[in-house]
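One structure is given below, encoded as structure tokens.
The values are calculated or read from the model by the stated rules, or taken from the named source; none is laboratory data. The structure presented is a predicted model; accordingly, all values stated were derived computationally and were not measured. Cβ: placed from backbone, ideal geometry, glycine included. Neighbour counts: every protein chain shown.
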Amino acid sequence: MSDLQSQDYIRRSASTMTPPMARSTEEQVAKLIDVTRCIGCKACQSACMEWNNLRQDIGHFEGSYQNPNDLSPDVWTLMKFAEYENEEGNLEWLIRKDGCMHCEDPGCLKACPAPGAIVQYANGIVDFISDKCIGCGYCVKGCPFDIPRISKKDHKSYKCTLCSDRVAVGLEPACVKACPTGAIMFGTKTDMAHWAGERIVDLKSRGFEKAGLYDPPEVGGTHVMYVLHHADKPSLYSGLPDNPRISAAVEAWKGIAKPLAMVGIALAAVVGFFHYIVKGPNEVTEEDEVQGERALEDAAEKTP
Amino acid sequence: MPMTRREFIKFTGLGLAASSLGVLGFGESGVAQAAAVRPFKLAHATETRNTCTYCSVACGIIIYSMGDRAKNALSNIIHIEGDPDHPVNRGTLCPKGSALLDIVHAPTRLKEPRYRAPGGTEFKTVSWDFALDRIARLMKDDRDKNFIAKNAKGDTVNRWTSVGMLAASASSSETSYLTWKVVRSLGMVVFDNQARV
Amino acid sequence: MTNTWQDIKNANVVIVMGGNAAEAHPCGFKWVIEAKIENGAKLVVVDPRFTRTASVADYYAPIRPGTDIAFLNGVIRYLLEHDKIQHEYVRSYTNASLIVKDGFDFQDGLFTGYNEETRTYDKSTWDYDLDKDGFARSDDTWQDPRCVINLLKHHVSRYTPEMVSRICGTPQDKYLHVCELIASTSAPDRAMTSLFALGWTQHSVGAQNIRNMAMIQLLLGNIGVAGGGMNALRGHSNIQGLTDVGLLSNQMPGYMNLPTDKETDFDIYMSTRQFKPLRPGQISYYQNTRKLFVSFMKAFYGDAATQENHWAFDWLPKLDIPLYDIIKAFEMMNAGQMTGYICQGFNPLQAFPDRGKIRRGLSKLKFLVTMDPLDTETSRFWQDFGPQNPADSAKIQTEVFQLPTTCFAEENGSLVNSARWLQWHWKAAEGPGDAMSDIWIMSGIYHRLRELYRKEGGAFPDPLLNLTWKYTDPLSPDPEELAKEMNGRALADLTDATSGAVTKAGTLLDGFGQLRDDGTTSSGCWIFSGSFTEKGNQMARRDATDPREQGIAPNWAWAWPANRRILYNRASADPTGKPWNAAKPVISWNGTKWVGIDVPDYTPTLAPSAGASPFIMNDEGLGRLFARKLMAEGPFPEHYEPLESPVENPLHPKVQNNPAARVFADDRAAFGSPKNFPYVATTYRLTEHFHFWTKHALINAILQPEEFIEIGEVLAKEKGIEQGGWVKVSSKRGEVICKAYVTKRIKPLTVDGKPTHVIGVPLHWGFTGQARKGYGANTLTPSVGDANTQTPEFKAFLVNIEKTTAPVAA
Amino acid sequence: MNHPKTVIIRYTTSQRVNHWINAICFTLMVLSGLSMFHPIMFWLSNLFGGGQWTRAIHPWIGCVLMASYIGMIVQFWRANLWRQEDTAWMKSVPAVVEDDEEHIPAVGHNNAGQKLVFWSMTLLIPTLFLTGLVIWEVYFGEATSISVQRAAVLIHSTAAFLAIIIWIIHVYAGIWVRHSVRAMTQGYVTPGWAWRHHRKWLWELASGQSGKNSIRKRP
């Protein structure tokens, strides 16, 4: 693939320059996953595999409808199933489509050391540019949602691209198009938030008092949002983080540590250099040599 | 093939989404963008309208094939997705429909007639002529032997019960009609389809 | 389906019982979600398992497999007792007021006229009391104890909430809440839609399950209206079409029956089919049967079908038994009565009950022909695949032909969907290798046979030699030519009696209204008449315009009959012709004719004042709460236990099972008892797979790779079965070794005071394709069919389960 | 310039080889590590054939470094044991920096600064090695939880930073103190060098307490 032209993205991993902002006025997109109308049919998974030409190895049944077992370089989205008995003792089958959340403040991008391997487009999509990826796995550590997976075959990191190739030509992502019940919607983030609001009103009227939108502010909001019946307890949905945030360790590592370390190293070098300039080399003087030889000779004399 | 565009139809939220799709892409900077993202794989693919082969919702699908049907190019199906004009599925597809490509190109698709002789342990590839000649011969021999023209009471019944047929459930109505004609002209009554299972 | 898929969005209540729409028909199910969101509808799910449909339901109630009639009769009792019926509809549009003949009775589980020997009923008393003019007597005041509504009330009186709960295992409060939700649609402007599928059909009482709900829908006034109806969600893409074209043992195209050997000539055959109206002023469509039949025979035999030879009536095969269905076919195969079998796109080794019996039957054939795009299990039944298909090839003398066919993407043609739409599709690419179309293969076999008969002569070759075959390429007829043949043509210049318009000989007909019984028209499938006219291929229409966005889309493709989208839509308006639901009218009377968004299911200019009732396919014009003689086991549904059941029938222990179900002796010997097989099993499909096809598709094989069963936590704990561990599930007919999914979604039910466990058996895996090898659920299932349709009882049978280790390949 | 007739062997051949393996590995680790640490240094990855190669090769060099440093520990641990005079030397660090010979206490084979370098590296290199293993995606990506890996990257980069600072001091000291490099390249120092920088060591040699064979006639 050819080089990126930086006018179109607002963030670029490991880059030292601010991308030009002149044209970054496009509206931001969002995918809204309404888990309350999701039937867990896996059409999204199927469509994702088909569109993106991904075929995981055939696995085994492992005690759940969740198949394949986990996200992988060949599995960019995955239905997760949780059987939950509510306070009234009634069963709720909470089914959630897992995958990249396309954070406004992406931890993966923050952690990535390869310039331009992770970018965020002006429309909010966070994309991995595979030919720039070095396979270090830092994005895995940066991600608060445990999404990126490193391929054992080509040592590159993979995740949902929000079908940037489709969105680029004005189409919705493959999963959105396929979703039989309209549980996955796609549009501007503003529209999606508005629509989510209507859904939440309906859900509250059906007895889900705590229904709400999952758009966690800790990561600046996400471009993949959920409508949840139990927005007060996201972790019920197969461990959706209650308070996702980029880990403090990653923040420190990719935040303050980077400039401090570089300054420290530079300083050490500079101090050394100027010490040399000021003091000059620490030479052995002739006096030293005389003293040294004498010390040896004295000793030799003492020895019988 | 008629391809009238559907009128804009409201569909929960999708109307909303559709209205804003224009601004979603990469807008004016789209050209620059295209260099970075994966190239759109359907740009010049040939579109063919079809119907999903699985259940009876009968979702409209669009089959994308490589090649423009020029004489020297053999079409190859590269992608299948929902037909957004279709009033029932409105472009959506279930996990089976979304994976239609893999059934079209299944490694276990049959490519040649095969024959297994009595007591044999393997199939062997045969010609169509061999297969159809032999089948016709077997059928005729049995029909001549077991055809029941009249029942015990002497009434004309003209039925054949010793060879039967199960008809497909995904073949077209035209295929079914032709099958019906052939089967009934032979007097075959052990005849059924997959309606029950 | 009486209604369309999109029409579901107009419902106020959606009941999914006897099906699992979200998993089996996800894209159709979107309209349920649409109803919830746009119409505030409530979704009610009644199912033995908490399914993916239940996961989005507003209310879920569990039920023991095979007890739906107890539940539904209970609902009828609730509706009558709480007066939650739509009175005017019931009074005017159903047979509630008609009086039933003296002598009809129901005692101890049996209706009048049972013959234990033949396991059939003499149905002579199952009918209305006719007056001297041959019209049914009625009592519109419902005072007469013999009128249908009172007999029904009496019949369902035994189904108290206690009894329902005792039989079904559904907790009483949950059952009553479902009743309440259903009852809420008795208001004229509210509708409930019933979505069902194999969950109701695959029982020994399958047809009665469906009738039972149809009766509820009639009582609630939900038939014919927007958002209502009985919606059978059909399985395969063209199974509706195959049924329409009559690819069944006893059927002809357009739901005409093949003659039986009692119908020794054409006139006798016609006499039993041209129904005479049973009420004054009524119209009955089947009065036209002669026109349909003659036109069909003209399509079939052309000039060889003449008035003189009774339109070649004798060339049709005559049946000696009601059906040569698949269960019967395999019974005959096992008895050595069959020589050859052709399986076109059908995989009976996976699909039909009692796999061992299927395998033994195929082994006794002289030849087997399979026509399929895929490498099916059936075509390899003779090959050893270890424990999943143990076979001794050398001992099997069957000649097998495995013929490769093209698939949907590689041919033109039409498919009929569940809502009766005929939709045309186009070829996108050539098939792989030497794969050929079914049309080419069938034509090839036909031509070879015809040549052999011409050369050698042989048994009664006339029908074969005289079959019409006037296609441009006789070896590979164009689907469009076949479609036109089904649509029908004028064979002579036809002059319309009223308008005087002339239809020239050779022109395609506009509809079945033009058919004649004098041999001047032909139509290969009368219900498709109008699908391919002089205006072109109507099935290829792509105008999705939807007036008032009410889910009709009348110009998209073409629906039979006559492009009608909602059947019985006359019933959407009250007797004066005013829509029950003003917000969602389907058709209404404008003073001179019926108008609306759909084609009226009625004579278009017949005024409401004429008094003809809306159900014009019935001879009394009414919806039948009392089925007359049409059902094998009784005019009212009655709860009978499945053939394999864990309990005695609490209603009538002496009549445990459906007394009219057909059971072959060797199949009966293969039934298990609750002593050895204490758990109720039910088979089903998962949304990731389509029957036995998608295990050949890599993506689907990835999404559900391996055979498993579902078991509740309580039973798993009792049996020491771990999540994802190996288990052996066995019935009297065989065993399956697979993984276990221990789930909260199946809970033990209290049935007749005892805890009853249900085990779920998904059925997709076999020994060919991409997914891991499996035994197949039909290894376990009993070979017994519904009394009316012979649909196998896949949904309720008995098994045992134990913990085990992985199967070892032999 | 005086040309002493005697030289003193300061480092044996095996010590020198070991040190230089160490030095090369460490340098490569610094270059490759920095390229993955801060984008302004990413260009360094070109030295290794690009980002993928840098990512792939860095841990392997790290393994060699670890092995080599074990050799260093074996060969040098004794010389780096802390002695009384080391504490005194530490107090005179300003004098060292000022090059104020008068106020620097005499030290043995290694001064306290060198010992600190040794012991810091003894602590830091295994730390880098172990945390490096945790974040070695190719082989151990799934061996630990992501939170462990997050801690590991932070520790790894902090340790690397410290090691680099120490390495800079070490290298600078080697350059500043003339002929130290020769000690590590050719193995010998002059008695004057020893007198000036490691007087106690010289006395020890002279008194025959240790390393008698170290004193050779200049060839």
Among the residues in the range C:331-338, are any facing chain B (nearest Cβ under 8 Å), at negative phi, part of a helix (DSSP H, G or I) and surrounded by fewer than 21 Cβ atoms within 10 Å (Cβ to Cβ)?
yes
Of the candidates C:472, C:468, the one satisfying the condition of being more than 7 Å from every other protein chain (Cβ to nearest Cβ) and in contact (Cβ under 8 Å) with a residue 12 or more places away in the chain is C:468
Failed item in (1) buried (at least 17 other Cβ atoms within 10 Å of the Cβ); (2) at pLDDT 95 or above; (3) not basic (Lys, Arg), with residue C:667 passing the rest:
(2)
Does the range C:501-520 include one or more residues that are assigned to a loop (DSSP other than H, G, I, E, B) and without any contact (Cβ under 8 Å) to a residue 12 or more places away in the chain?
yes
Within the range B:162-192, restricting to residues that are out of contact with any His (no Cβ under 9 Å at 6 or more places or on another chain) and in a loop (DSSP other than H, G, I, E, B), the one that is surrounded by the fewest Cβ atoms within 10 Å (Cβ to Cβ) is B:162
Quick check: is even one residue across the range B:130-148 facing chain C (nearest Cβ under 7 Å), at pLDDT 95 or above, in a loop (DSSP other than H, G, I, E, B) and under 30 Å from residue C:313 (Cβ atoms)?
yes
Residue ID - surrounded by the most Cβ atoms within 10 Å (Cβ to Cβ), chosen from residues in the range B:75-115 that are among the hydrophobic types (A, V, I, L, M, F, W, C) and more than 7 Å from chain C (Cβ to nearest Cβ):
B:100
Output yes when any residue across the range A:63-84 is farther than 30 Å from residue C:739 by Cα, facing another protein chain (nearest Cβ under 8 Å) and part of a loop (DSSP other than H, G, I, E, B), and no when none is.
no
Residue C:680: passes all of (1) under 24 Å from residue C:357 (Cβ atoms); (2) in a loop (DSSP other than H, G, I, E, B) but (2)
Residue check: is residue B:129 outside the structural domain of residue B:82 (by TED's automatic domain parsing), acidic (Asp, Glu) and touching a strand residue (DSSP E or B) at 6+ places or on another chain (Cβ under 8 Å)?
no
Take the residues in the range C:395-420 that are facing another protein chain (nearest Cβ under 7 Å) and over 23 Å from residue C:375 (Cβ atoms); name whichever of them is surrounded by the fewest Cβ atoms within 10 Å (Cβ to Cβ).
C:418
Residues that are touching a residue at least 12 places away in the same chain (Cβ under 8 Å), more than 7 Å from every other protein chain (Cβ to nearest Cβ) and either more than 33 Å from the chain's Cα centre (by Cα) or closer than 30 Å to residue C:483 by Cα (or both), drawn from the range C:373-394:
C:376, C:384, C:385, C:386, C:387, C:390, C:391
Determine whether the range C:313-326 contains at least one residue that is at pLDDT 95 or above, over 21 Å from the mean Cα position of the chain (by Cα), assigned to a strand (DSSP E or B) and crowded, with 24+ Cβ neighbours inside 10 Å.
no
Tell me, which residue of the range C:1-17 that is closer than 22 Å to residue C:416 by Cβ and in contact with a strand residue (DSSP E or B) (Cβ under 9 Å, 6 or more places away or on another chain) is nearest to the other protein chains (Cβ to nearest Cβ)?
C:5
Test residue D:163 against the criterion of being more than 7 Å from chain A (Cβ to nearest Cβ) and part of a helix (DSSP H, G or I), and give yes or no.
yes
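To keep it simple, each residue is scored yes or no on (1) crowded, with 20+ Cβ neighbours inside 10 Å; (2) not basic (Lys, Arg).
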{"residue": "D:181", "(1), (2)": "no, yes"}
{"residue": "D:186", "(1), (2)": "no, yes"}
{"residue": "D:189", "(1), (2)": "yes, yes"}
{"residue": "D:195", "(1), (2)": "yes, yes"}
{"residue": "D:198", "(1), (2)": "yes, yes"}
{"residue": "D:203", "(1), (2)": "no, yes"}
{"residue": "D:210", "(1), (2)": "no, yes"}
{"residue": "D:217", "(1), (2)": "no, no"}
Got a number for residues in the range C:67-118 being in contact with a Cys (Cβ under 8 Å, 6 or more places away or on another chain) and of a type in the set (Gly, Ala, Ser)?
4
Within 10 Å of another protein chain (Cβ to nearest Cβ), modelled with pLDDT under 95 and surrounded by fewer than 24 Cβ atoms within 10 Å (Cβ to Cβ): which single residue out of A:90, A:123 fits that description?
A:90
In the range B:149-161, residue nearest to the other protein chains (Cβ to nearest Cβ) [restricted to those that are in contact (Cβ under 8 Å) with a residue 12 or more places away in the chain and part of a strand (DSSP E or B)]
B:159
Are any residues in the range C:339-372 among the aliphatic types (A, V, I, L, M), at the interface with chain B (Cβ under 7 Å from one of its Cβ atoms) and either more than 25 Å from residue C:788 (Cβ to Cβ) or surrounded by fewer than 23 Cβ atoms within 10 Å (Cβ to Cβ) (or both), and if so, which ones?
C:342, C:369
Set A:71, A:54, A:78: member being buried (at least 20 other Cβ atoms within 10 Å of the Cβ), free of Cβ contacts under 8 Å to residues at least 40 places away in the same chain and among the aliphatic types (A, V, I, L, M)
A:78
Mind checking whether some residue in the range C:277-293 is assigned to a helix (DSSP H, G or I), buried (at least 24 other Cβ atoms within 10 Å of the Cβ) and not aromatic (Phe, Trp, Tyr)?
yes
